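Can you keep this structure in mind? I'll have questions shortly.
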Amino acid sequence: MEFQLDSRLKDDTFFIGDLPLSKVLLMNTANFPWIILVPRINDVSEIFDLNIEHQQRYFEECNFLLKGMSELYLSNKMNIATLGNIVPQLHTHIIVRFVDDDAWPSPVWSHTENNQYKPEEAKLQIDKIGKLLDHYV
């Protein structure tokens, strides 16, 4: 069966690209460099639902993106979260944080005035992060 991305993730993000296991999406929140990693496996809601090989690959892809995004944006801190309280499909938020960002030092979810990307800003971010994906080994 073809992979189905949850409609809420589809509606809230822009497609950046694919890694070997996962789809990489840009969250439509311009306040923070924020991506979402979703393994392209249907009916998975928890990391432990993945087989051991997929768990290892998923962690490798998460670590690659954490390090790469940190270097790309010169972060002060990287946030990673796999919540799934609203969208049960397994997905991981990777968020670049700065000491002067809109929500610091609180979690990004506490910030209520999130700005959506203008189309040209979204394209710039997609291209920038897409180049990072090109270096995945």
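The values are calculated or read from the model by the stated rules, or taken from the named source; none is laboratory data. Bear in mind that the values here come from a model prediction, so they are computed numbers and not experimental data. Protein only, heavy atoms only, side chains kept; ligands, DNA and RNA dropped before computing areas. Shrake-Rupley method; radii C 1.70, N 1.55, O 1.52, S 1.80 Å.
With springs only between Cα atoms under 10 Å, which of F14, F48, F64 fluctuates most in a Gaussian network model of the chain?
With Cα springs under 10 Å in the chain, the top fluctuation among F14, F48, F64 is at F48.
Please report the carbon-and-sulfur percent of the accessible area for the chain; probe 1.4 Å, protein heavy atoms only, DNA, RNA and ligands left out.
Working: 4090 of 7920 Å².
Carbon with sulfur: 52 percent of the solvent-accessible area.
Across bins of 10 angstrom width beginning at 0, how are the C-alpha pair distances of the stretch 24-101 distributed, in whole percent?
18, 50, 26, 5
Please compute the per residue accessible area over the chain with all protein chains in place, 1.4 Å probe, rounded to a whole number of Å².
58 Å²
Continuing with the same structure: Quick one: what does P(r) look like for the stretch 24-68 with 10 Å bins over all Cα pairs, in whole %?
Going out from 0 Å in 10 Å bins, the stretch 24-68 shows 24, 48, 25, 3 percent.
Now for a different question. Kindly report, to the nearest 10 Å², the accessible surface of L133 as traced by a 1.4 Å probe over protein heavy atoms only.
20 Å²
Also, quick follow-up: Which value, in Å² rounded to 10, gives the accessible area of L83 with a 1.4 Å probe and all protein chains present?
Rounded to the nearest 10, the figure is 90 Å².
Another question, then. Going from most exposed to least, what order do W109, W34, W104 have by accessible area with a 1.4 Å probe?
W109, W104, W34
Now for a different question. Could you state the angle between the C-alpha long axis of helix 119-133 and the longest principal axis of the C-alpha atoms of the chain, as a value from 0 to 90 degrees rounded to the nearest 10?
For 119-133 against the chain, the angle is about 50 degrees.
Based on the alpha carbon coordinates of the stretch 72-131, what radius of gyration and maximum Cα-Cα distance (Dmax) apply, in Å?
Cα only, the stretch 72-131: 13.1, 32 Å (Rg, Dmax).
In whole angstrom, how far apart do the alpha carbon centroids of the stretch 1-64 and the stretch 70-99 sit?
So the separation of the two Cα centres works out to 12 Å.
What number, in percent, do you get for the relative contact order of the chain if the mean sequence gap of Cα pairs under 8 Å and at least 6 apart is divided by its residue count?
Dividing the mean separation by the residue count of the chain yields 28 percent.
Given the DSSP H assignment, sum -39500 (n - 2.57) over each helix run of at least 4 residues in the chain and divide by its residue total; what's the result at 222 nm in deg cm²/dmol, nearest 500?
Result for the chain: -10000 deg cm²/dmol, rounded to the nearest 500.
Non-local amide H neighbours of V44 (under 5 Å, H modeled in plane, Pro and chain starts lacking H): which ones?
L90
Which of H54, H93, H111 moves most in a GNM of the chain, Cα contacts under 10 Å?
Of H54, H93, H111, the most mobile in the Gaussian network model is H111.
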